[in-house]
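**Student:** I'd like to ask some things about the structure below.
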Amino acid sequence: MSNCNRIHAIDTIAGYPVAQSGATAPASIDEYGEDVFTAKAIRRYLSKPVAEKLLATIRGETPLDPSIAGAAANAMKEWAVARGATHFTHWFQPLTGGTAEKHDAFLDFDSDGEAIMAFSGKNLIMGEPDASSFPSGGLRCTFEARGYTAWDPTSPAFIKRHENGATLCIPTIFCSYTGEVLDKKTPLLRSIQALSKSVARLMKCFGLPEERTTVTLGPEQEYFLVDKNFYLHRPDLVQTGRTLFGSPPPKHQQLEDHYFGSIRPRVIAFMTEVEHALWRLGIPAKTRHNEVAPAQFEVAPIFEELNLAIDHNMQLMEVLQQVAARHGFVCLLHEKPFAGVNGSGKHNNWSVNYGKRNLLEPGSDPHENAVFLTVLTAIVRAVDLHADLLRSSTASAGNEHRLGANEAPPAIISIFLGDQLDDVIRQLETGAATESRHPGAMRIGVDALPPLPRDATDRNRTSPFAFTGNKFEFRACGSSQSCSGANIVLNTIVAESVDYIADRLEKISGKDFNTELQNLLREVIRKHRRVIFNGNNYSDEWVAEAEKRGLPNLQTTMDALRPLLLAENQKLFGKYGVFSKEELESRFEVFLEEYHRKIRIEGGIALEIASSMVLPVVCEEYSMLLKTLECAGIGGMSTGVTGLQIMAGQLGTKLDELVLRCNELEAALGGLHEEILTAMTNLRKVVDSVEHLVDDSRWPLPKYREMLFVY
């Protein structure tokens, strides 16, 4: 890409109209959920008895009655066809990190051979995609191809629209012929069920009536937008989703002027269309704003039931990318598309409700606060015991570049509670009240907590696991990742800790419940409070302190994945029926292979760019300097020669180093991933320094100053 092409790209962008084609009017509340097979649609298209049976299954009250499958399928088909759908698909989430779908037409023939629109109960309940063509970690081989998708009625069917039609999408699980789990939804549903049982058991200890447990989630999605004219001239972005080369411009995010700044007209037009599409899909988009880095943005929804929230987030990522294309943008979901500025995360805001009550919200009386402190203590124990698994759930090649800087938490998993709640925990631990409370010892179930409004704690943007009033925010998840992994782990480890406490409480007989509870919570806090840290997680002092406390610091993806192979972790997931030993080992194999493949792809494209795009330009620049020096000598010039000699010397040195680093990377591609990463880092240093020495008119790649600011 010559400079004339870059100038053309900039001129094209500058000439865009304020509102791009495809922009729409703001979403109307009447359109909300229009493309979702909601309870309202179910009641309209099904008889009352069948509708109520199906709705009971959706609410998790009863298993699916196979006898209603045919009626449900026909109703779903009639509803979808009325909205322009011609095909249906089982929409599932394999271990690729994205979603998968195979479209089948609503086409069949009657007994007279006439074409009809049809959709059977069998089509609705089960499908059969090729299981050997998806990552399985050895659970499936090429000659063992059979796999099944099975309807998840707890997540509503929806319409996916495209330019010339629409498709009915039916959320499903995905498993092999022999029953092993090949997707991310099935273990998530298993973990929700496990946590629900454990919470119900604990609530029974407190004498509470049986209620439904609901795990909720609000995932904040961060992303970058770059103009397509730049993107297509960056092979690294096209191939890997991140820039492998690029020198940060003098101005990037250090003035802190982009965060919550006024949204540019072209971007707000894009956001408006995104919101319109989300509303039709029943995705409750609530917040939109500029993020910290230039060209970085965020969209956040209202909290929903966990399974649905994750399905919605997967749809959201696809909507962002599709709408971006209609506006001449490319939406980058990679965790670190640009070096030196903020990466993109997906903050995982997690909570648990029992009936209508949020168990992570302090109550209005001593009994409610006893429940709150018990659940809080269980979570502290869970995170301390299983920090390695939480870290594993965020491990990826992309997130490896993000964690530890620019408002992304470090690899050390710790809990932030805030000063006020930490004070309560200390009182619980020591048994003594502070001056913030009435004199005397704190007594569980008798005293009330100090008033704890939702915003009683300050925010700690460096903490990976922070209490934020009525939820925990797990900030380590990467922007491109499915939230399933983190929540599978979180649900399972909390279920185990809740059961640990319930085991002890159920043995209390004829004793003072509150006294025994207080003794138990004090014991747990004393053993596990090492994981609580309210300070600066980025500081060197914390790294040293965390090591002293014995907290794991799994900095690399390789280190973070190894806990999946530990016998105690496999036993934990097996106990709760979330993963078998074989299923967990398969995840390790899939994630490990994915990591190695991505590193090799990045190394290959880095070498190609450096060798075929950058190196020729540097050679040309060096050759021109030498010719100019030669002409100066022939002309007997006495001025400027020294400057030319210095410039030629600098560029010549860089040219030698560039060739050397390219050769090193080429050799490293035949070796271990650590060698590839080191060689890529060394090559990048040279290329980024050369960017400042080569005439701008010859530099082949769009620069950071253009991609981050021209849109």
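**Student:** Hey, which lysines would be in cross-link range of K471, C-alpha to C-alpha under 18 Å, not counting anything within fewer than 8 residues on its own chain?
**Tutor:** Output for K471: K286, K346, K356.
**Student:** Going toward the positive end of the dipole of the chain, with +1 on Lys and Arg Cβ and -1 on Asp and Glu Cβ, which of V341, N569, V226 do you reach last?
**Tutor:** The residue sitting most towards the positive pole is N569.
**Student:** For Cα pairs less than 8 Å apart in space and 6+ apart in sequence, what is the mean separation divided by the residue count of segment 602-678, i.e. the relative contact order in percent?
**Tutor:** Normalised by residue count, the contact order of segment 602-678 is 44 percent.
**Student:** With the Cα gyration tensor of the chain in hand, convert its eigenvalues to equivalent ellipsoid semi-axes via √(5λ) and list them largest first in whole Å.
**Tutor:** Whole-Å semi-axes of the equivalent ellipsoid: 47, 36, 24.
**Student:** Once both labels are modelled 7 Å past Cα along the beta-carbon direction, what's the I646-S697 spacing in nm?
**Tutor:** Placing both labels 7 Å along Cα→Cβ, they lie 2.3 nm apart.
**Student:** Next up: Within segment 172-263, which GluC sites (Glu not before Pro) sit in a loop by DSSP and count at most 11 neighbouring Cβ atoms inside 10 Å?
**Tutor:** Those that pass, being in a loop and sparsely packed, are E210, E256.
**Student:** Moving on. Name the aspartates and glutamates eligible as straight-distance cross-link partners of K251: C-alpha to C-alpha under 12 Å, and not fewer than 8 places from it in the same chain.
**Tutor:** E706
**Student:** For segment 37-89, run through the GluC sites (Glu not before Pro) and keep only the ones in DSSP coil with at most 13 other Cβ atoms within 10 Å of their Cβ.
**Tutor:** Filter output for segment 37-89: E61.
**Student:** Per residue, how much accessible surface does the chain expose to a 1.4 Å probe? Answer in Å², no decimals. Kindly include the intermediate steps, with their values, before the conclusion.
**Tutor:** Values: 29750 Å² over 711 residues.
Per-residue value: 42 Å².
**Student:** Tell me the angle of helix 48-58 to the major Cα principal axis of the chain, expressed in degrees between 0 and 90 and rounded to the nearest ten.
**Tutor:** Roughly 60 degrees, rounded to the nearest 10.
**Student:** Given H placed on each backbone N at 1.01 Å, which residues far from L360 in sequence or on other chains put an amide H within less than 5 Å of it?
**Tutor:** Sorted by chain and number, the residues that satisfy this are V352.
**Student:** Taking the Cα-to-Cβ direction at S638 and at V446 and moving 7 Å from each Cα, how far apart do the two end points lie in nm?
**Tutor:** 10.0
**Student:** Determine the sum of side-chain charges near D35: Lys and Arg each +1, Asp and Glu each -1, restricted to other residues whose C-beta is under 11 angstrom from that of D35.
**Tutor:** Local charge sum for D35: +2.
**Student:** For segment 69-150, which chymotrypsin sites (Phe, Trp or Tyr not before Pro) pass both filters: DSSP loop (anything but H, G, I, E, B) and at most 11 other C-beta atoms within 10 Å?
**Tutor:** F143
**Student:** Let me check against my output: what whole-number percent is the relative contact order of the chain, with C-alpha pairs under 8 Å and at least 6 apart?
**Tutor:** 16
**Student:** For segment 564-711, what D do you get in µm² per second when you plug the Kirkwood radius from alpha-carbon pairs into Stokes-Einstein at 10 °C and 1.306 mPa s?
**Tutor:** 84
**Student:** Where the only charges are on Cβ atoms (+1 Lys, Arg; -1 Asp, Glu), what is the dipole of the chain about its Cα centre, to the nearest 20 debye?
**Tutor:** 1040
**Student:** For segment 478-494, take each phi angle, set θ = phi - 60°, evaluate the Karplus expression 6.51 cos²θ - 1.76 cosθ + 1.60, and give the result in whole Hz per residue in order, putting x for glycine and proline.
**Tutor:** My calculation for segment 478-494 gives x, 5, 8, 7, 6, 6, 4, x, 5, 7, 4, 5, 4, 4, 5, 5, 5 Hz in order.
**Student:** Could you give the length gained by full extension between T653 and E34, i.e. 0.36 nm per residue of separation minus their alpha carbon distance, to one decimal place?
**Tutor:** 216.5 nm
The values are calculated or read from the model by the stated rules, or taken from the named source; none is laboratory data. None of the values given here were measured: they were computed from a predicted structure. Cβ sites come from the backbone with ideal geometry, for glycine too, and all protein chains shown count toward neighbours. For accessibility, only protein heavy atoms count, side chains too; no ligands or nucleic acids. Shrake-Rupley method; radii C 1.70, N 1.55, O 1.52, S 1.80 Å.
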